[in-house]
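Chemist: Please read through the structure below; I'll follow up with questions.
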Amino acid sequence: MKINYIFLVLALLAEIIGTIGGFGSSVFFVPIGNFYFDFYSVLGMTAIFHLSSNVSKIFLFKKGLDKKLLLYIGAPSVLFVIIGGFLSKIVDGLMLTIVLGIFLVVFSLFFLIKSEIVVLPNKKNAIIGGTLSGFSAGLLGTGGAIRGLTMAAFNLEKNAFIATSAFIDFLIDFSRTFVYYENGYIGKQELTYLPFLFAIGLIGTYLGKRILNYIPQERFRKLSLLFVLLIGLATIVQLAVKHWGQLAS
């Protein structure tokens, strides 16, 4: 099977930026992957790709883990990623993808413009964010941006942000890999890319951590929200391009 090396280079960039932003590479990887593969193949690749990159993040940033957020965000994330994963087989994700793109743009702009507003790190907000991010990850392949918005609002120190997000993401990916395999999303094509994506996950995480050492703490929250804004815009543009392409054909 022929390997698309341009896709692999873009996957590396997605991993580096996802590490810097703190919410994982899937928010970039999924839109990129959709240009090269069908939606369900991208879901399968995303799950197995993330397993390696999140193990790397946990190892590199483990000292910053926030155990309370891990529980409050992680537990509902795992439950709802399983639900979302099973629903992905029967629900058309087009409208939900549009809603996700709009949601990311609106909320990232809100927090960028109203930078003085900080959501209190209470149990209710964490559970809601974990539920939405887990469900979105299972259904659409990406929930890291929603989790990133939630955790950015909590204004965590950057190492705590990345370590906690990576651990939650690992639990999500571990759970949905079994669901996606059962759904038939992980086959020969996806497994062919596995060793490449595994190496990219390790290298991209390492490079992202090195770059992150040069980013001051006060800029980190704004940088994360800017990345989320770009993700939302990229999602909307991607859908528009596909729509116009279908009309033209």
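The values are calculated or read from the model by the stated rules, or taken from the named source; none is laboratory data. Small disclaimer: the values here were computed from a predicted structure and weren't measured. Don't worry about glycine lacking a Cβ; one is built from the backbone with ideal geometry, like all the others, and counts go over all protein chains shown. Quick note on the areas: whole protein, heavy atoms, side chains included, nothing else; ligands and nucleic acids left out. Shrake-Rupley method; radii C 1.70, N 1.55, O 1.52, S 1.80 Å.
Chemist: So if I place +1 on the C-beta of Lys and Arg and -1 on the C-beta of Asp and Glu, and nothing else carries charge, what would the dipole magnitude of the chain be about its Cα centre? I want it in debye, nearest 20. Could the numbers behind the result be given before it?
Modeler: On the way: 20 positive and 11 negative charges, 112 e Å.
Roughly 540 debye, rounded to the nearest 20.
Chemist: Further question: Hey, if you put +1 on the Cβ of every Lys and Arg and -1 on every Asp and Glu Cβ in the chain, which of Gly134, Thr177, Ala160 ends up farthest toward the positive end of that dipole?
Modeler: Looking along the dipole axis, the top candidate is Ala160.
Chemist: Taking the Cα centre of the stretch 22-156 as the origin and placing charges on Cβ (Lys, Arg +1; Asp, Glu -1), which of Gly101, Leu69, Leu79 is farthest toward the positive end of the dipole?
Modeler: Value: Leu69.
Chemist: Quick one: grab the alpha carbon gyration tensor of the stretch 1-70, order the square roots of its eigenvalues as a ≥ b ≥ c, and give me rounded if a/c is under 1.5, else prolate or oblate depending on whether a/b is larger than b/c.
Modeler: On the way: a/c = 2.41, a/b = 2.09, b/c = 1.15.
Taking the square roots of the gyration eigenvalues as a ≥ b ≥ c, the stretch 1-70 is prolate.
Chemist: Please list the helices of the chain that count as membrane-span-like by this rule: a mean Kyte-Doolittle hydropathy of at least 0.0 together with Cα atoms stretching 15 Å or more along the helix axis, each helix being a complete DSSP H run. Mind showing how you got there, number by number?
Modeler: Numbers: long enough: 5-21 (24 Å, 2.21); 39-61 (31 Å, 1.20); 67-87 (29 Å, 1.70); 94-113 (29 Å, 3.00); 123-140 (25 Å, 0.64); 158-183 (36 Å, 0.36); 194-212 (26 Å, 1.41); 217-248 (47 Å, 0.81).
In the chain, the long hydrophobic H runs are 5-21, 39-61, 67-87, 94-113, 123-140, 158-183, 194-212, 217-248.
Chemist: In Å², what does the accessible area per residue of the stretch 102-249 work out to with a 1.4 Å probe?
Modeler: Details: 7300 Å² over 148 residues.
Solvent-accessible surface per residue comes out at 49 Å².
Chemist: Here's something else I'd like to know. Would you mind telling me the share, in percent, of accessible area of the chain contributed by carbon and sulfur at probe 1.4 angstrom?
Modeler: Details: 8540 of 11810 Å².
Accessible surface attributable to carbon and sulfur in the chain totals 72 percent.
Chemist: Can I ask one more? Label the chain by shape, choosing from rounded, prolate and oblate, from the square roots a ≥ b ≥ c of the eigenvalues of the Cα gyration tensor; if a/c is under 1.5 it is rounded, and otherwise prolate applies when a/b is larger than b/c, oblate when it is not.
Modeler: Working: a/c = 1.40, a/b = 1.29, b/c = 1.09.
Rounded, since a/c falls under 1.5.
Chemist: Moving on to the next point. Among the listed pairs Lys67/Lys114; Lys63/Lys124; Lys68/Lys123; Lys57/Lys89, which are separated by more than 20 Å between their Cα atoms?
Modeler: Details: Lys67/Lys114 28 Å; Lys63/Lys124 25 Å; Lys68/Lys123 9 Å; Lys57/Lys89 30 Å.
From the list (Lys67/Lys114; Lys63/Lys124; Lys68/Lys123; Lys57/Lys89), the Cα-Cα distance tops 20 Å for Lys67/Lys114; Lys63/Lys124; Lys57/Lys89.
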